[in-house]
Amino acid sequence: MLQLTDVHKTYSKKASKVVALNGVSLEINAGEFVAIRGPSGCGKTTMMLIAGGLLGPDEGNVQVDGTEPYSLSADDRAKFRADKVGFVFQQFHLVPYLSVLDNIMSAALASDNDEAKHHADELIARFHLDDRAHHVPAELSTGERQRTALARALLNKPKLLLADEPTGNLDRENADIVLGHIREFAAAGGSVLLVSHDDHAVSKANRTLNMSAGEFVK
Amino acid sequence: MSVWHLVLNEIKHRKLNFFLAALSVTVAVGTLVGAMTLLRADEIQTQSILDDKKRQLEKTVAKHEQETAEAGKKLEDDYRKITKGLGFNILILPEEQDLNEMYVDGDLSKSMPEQLVTKLAESGIVTVNHLLPIVTRKIEWPEINRSVILTGTRGEVPLAHRDPKKPLQDLIPAGTMHVGFALHTKMKWKKGDKVTLLGKEFEVTNLKPEQGDTDDGTIWINLAEAQELLKMQNLVNAILALECNCATIDRIGEIREDIEEILPGTYVVEKGSSALARAEARMRAKKSAQDSLKKAKADGEAAIAQEKTSRLEIRKQRENLAALLVPLNLIGCAIWIGFLTFGNVRNRASEIGILRAIGLRSQQILSLFLSKSLIIGIAGGGIGYAIGLFIGVVCGDLPDVNTATSQLFSINLVLASLVLAPVLASISSWLPALMAARQDPALVLQEA
Ligand SMILES: Nc1ncnc2c1ncn2[C@@H]1O[C@H](COP(=O)(O)OP(=O)(O)OP(=O)(O)O)[C@@H](O)[C@H]1O
Ligand SMILES: [Mg+2]
């Protein structure tokens, strides 16, 4: 499903150069939940953005469900993200002025998903957000916010779910709920790439990789 | 879920940002509309002032016209009285009368039937009046051994269709005689003297004052007696008449036409002096009237022209001010909206980042901001127009608020406001919106 082959990424700012990824290769199959663990600054987020079609690598190849996102035009890559990838972040990145329902539905703006409303209602019910559906993020608990963000990521039924520290802001109980839903997604045939330095989150994965200074280590 | 839903919710969420942007458009449009409305009010006012002045001038001119017409009429009347004093000015003669005989010998040898005067009097003629049939011959007065002009007159024949007028010459009763100045002074006759003419006795009843013409050598007696003395029963030599005041420019031509149609075989002669005086009178009256009118008109028009110039001057100044103020305002507004949008873009970085990650195309992000600008423009344009109109009505100095509002309201300006304000707002926010659309979502999403 996801295939990274010898991916390099260097951030250059004026004089300074930061090598974020130094030849990373990775393959995740359908139905597989892979977690990557590593210290802060080792390049986890960078790898995730590259995998999701948001950040072009300097070298190496990226393939998602048979598509090479960086060979597409910007608009086609946006469509690719809408159709195939779901993102979840530590900061949730919810649209502050939209209700839970509208935040979830905002993913439909990017795709012509006729069943979006129906699917959104389903997700709301499954994530126990029924009585919060018409509240804005400021009125939600952090757990509810992350569930909303996860529901939004899943609205367009992506092949690949990319989760960057999805439980970093949650207590154990809420983290388990969110991780449970992610496991369910993988169990239903989705591929998951979760990056975290939290051992508990990582422990729920089928496979765990350790990363350090832009490379996988044993 | 649509882009509009997103835009409207964002506006509700960040009311201050929207309010400030809309306020800026409102101020810009308000200034523009206010300036234009004030200029329009000024125009209306100028028009009404000029109209007033014109009306006043017309009134003055009309009054003048009436006054001069009255004065002219009075003048003409005066002249008419004078010319009337000069006596009959129309002479109707038999066609075959030799005018040379009349002018050289002072004699009229040809005659025509007396009843012609009746025919004329009953004809309904209006171009002459005071009809006086006469016989007049140059004769030798054997008793005193002198040549005189004997004139017989029966008094004026009243026109059948007109009110009787005070006659220019009264009937001379039978047995009486009026004597011309040259004769009665020469003969030293006095009123009441008895004189004999061709064997018939007459009493002198009237000694005529000096006239300076053939009248001074003329004697007047009753028509019937004259006809008898001259063996001219039922005949006359001439009919005297006075031209009527109502005749038009070609007076004598008209009179001739009239009379020759009624009395074929006659000929009309005009005595010059009085006719000239009359024509002169008319001309002078007319000219003096025209002159004074011309002056009044010219004065009035000059005053109006001056008013117009001074109003135009003021208008020009105001236009210049508006020409300076309005673009400054628009530029200020554009910059202000640009800054506000820029701030808005920065505030929404994470939101834009996630929307891009979700898969929204950059045009959709652009449309998010431009749609908002459109709404800002329409709101600011509408309110700005209303405020501008209000300013125009309040400060436009027009007398009645209701009519001023309807006079100053301009649907074109409303439409212009509602179209141009959103365009202005969109252009102003174009750059920051483009920045938002081009923003790299990865950068935002990476921030911990
Ligand atoms: N836009 C950027 N410009 C320059 N350097 C960057 C940029 N983004 C990340 N880096 C650097 O690249 C390296 C990898 O960053 P990355 O965000 O991928 O780390 P991470 O493993 O996600 O860290 P954390 O666990 O703290 O989130 C870091 O040293 C970081 O400072
Ligand atoms: Mg990170």
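Read the figures in this text as sums done on the coordinates, not as results from a lab. Predicted model, so just to flag it, every value in this text is computed and none were measured. Cβ atoms come from the backbone with ideal geometry, glycine included; neighbour counts cover every protein chain shown.
Table for the structure above
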{"item": "Formal net charge of residues neighbouring residue A:76 (Cβ-Cβ distance under 13 Å; K, R +1; D, E -1)", "result": "+2"}
{"item": "Helix runs (DSSP H) in chain B reaching 27 Å along axis by Cα, Kyte-Doolittle at least -0.5", "result": "B:15-85, B:272-347, B:362-395, B:411-438"}
{"item": "Residue A:207-residue B:390 pseudo-label distance in nm [points 7 Å out on the Cα-to-Cβ vector]", "result": "6.9"}
{"item": "Inter-label distance for residue B:200 and residue B:409, nm, one decimal - labels placed 7 Å from Cα along Cα-to-Cβ", "result": "9.6"}
{"item": "Backbone N within region B:21-56 under 18 Å of label point (7 Å from residue B:402 Cα along the Cβ vector)", "result": "none"}
{"item": "Peptide-level mean, for A:47-55, of C-beta atoms on other protein chains within 10 Å", "result": "4"}
{"item": "Residue mean of other protein chain beta carbons inside 10 Å, A:106-112", "result": "6"}
{"item": "Karplus-derived HN-Hα couplings along region A:46-52 (A = 6.51, B = -1.76, C = 1.60, θ = phi - 60°), whole Hz, x at Gly and Pro", "result": "4, 5, 5, 5, 5, 5, x"}
{"item": "DSSP-assigned coil residues among trypsin sites (Lys or Arg not before Pro) in region A:1-101, each with at most 16 further Cβ atoms within 10 Å", "result": "A:14"}
{"item": "Residue B:342-residue B:48 FRET efficiency (beta carbon distance; Förster radius 45 Å; 0.05 resolution)", "result": "0.40"}
{"item": "Charge context of residue B:10, other residues only, Cβ under 13 angstrom, K/R +1, D/E -1", "result": "+3"}
{"item": "Long-range tail of P(r) for the protein assembly as shown (Cα pairs > 45 Å, %)", "result": "59"}
{"item": "Protection proxy ranking of B:255-265, B:308-318 - average other beta-carbon atoms within 10 Å, highest first", "result": "B:255-265, B:308-318"}
{"item": "Helix A:74-84 vs. chain A, principal-axis angle (Cα, 0 to 90°, nearest 10)", "result": "60"}
{"item": "Point-to-point label distance, residue A:112-residue B:313, nm (Cα→Cβ direction, 7 Å offset)", "result": "7.0"}
{"item": "Projected-area average for region B:90-271 over all orientations - Cα convex hull basis, square nanometres", "result": "10.3"}
{"item": "Overall form of region B:190-253 per C-alpha gyration tensor (a/c, 1.5; a/b vs b/c)", "result": "oblate"}
{"item": "Candidate aspartates and glutamates for bridging to residue B:287, where Cα separation is under 14 Å - those fewer than 8 sequence places away on the same chain excluded", "result": "B:65, B:67, B:70, B:76"}
{"item": "Computed [θ] at 222 nm, deg cm²/dmol, chain B (DSSP H ≥ 4; -39,500 (n - 2.57); rounded to nearest 500)", "result": "-21500 deg cm²/dmol"}
{"item": "FRET E, pair residue B:262, residue B:189, Förster distance 41 Å, beta-carbon r, rounded to 0.05", "result": "0.55"}
{"item": "Förster radius 45 Å - calculated FRET efficiency between residue B:324 and residue B:71 (Cβ-Cβ, nearest 0.05)", "result": "0.20"}
{"item": "Above-threshold pairs, the threshold being 25 Å between Cα atoms, out of B:54/B:294; A:17/A:44; B:191/B:231; B:188/B:271", "result": "B:191/B:231; B:188/B:271"}
{"item": "C-alpha long axis of helix A:172-187 to longest principal axis of chain A, angle in °", "result": "80"}
{"item": "Built amide H within the under 5 Å cut-off of residue B:114, gap 5+", "result": "B:235, B:236"}
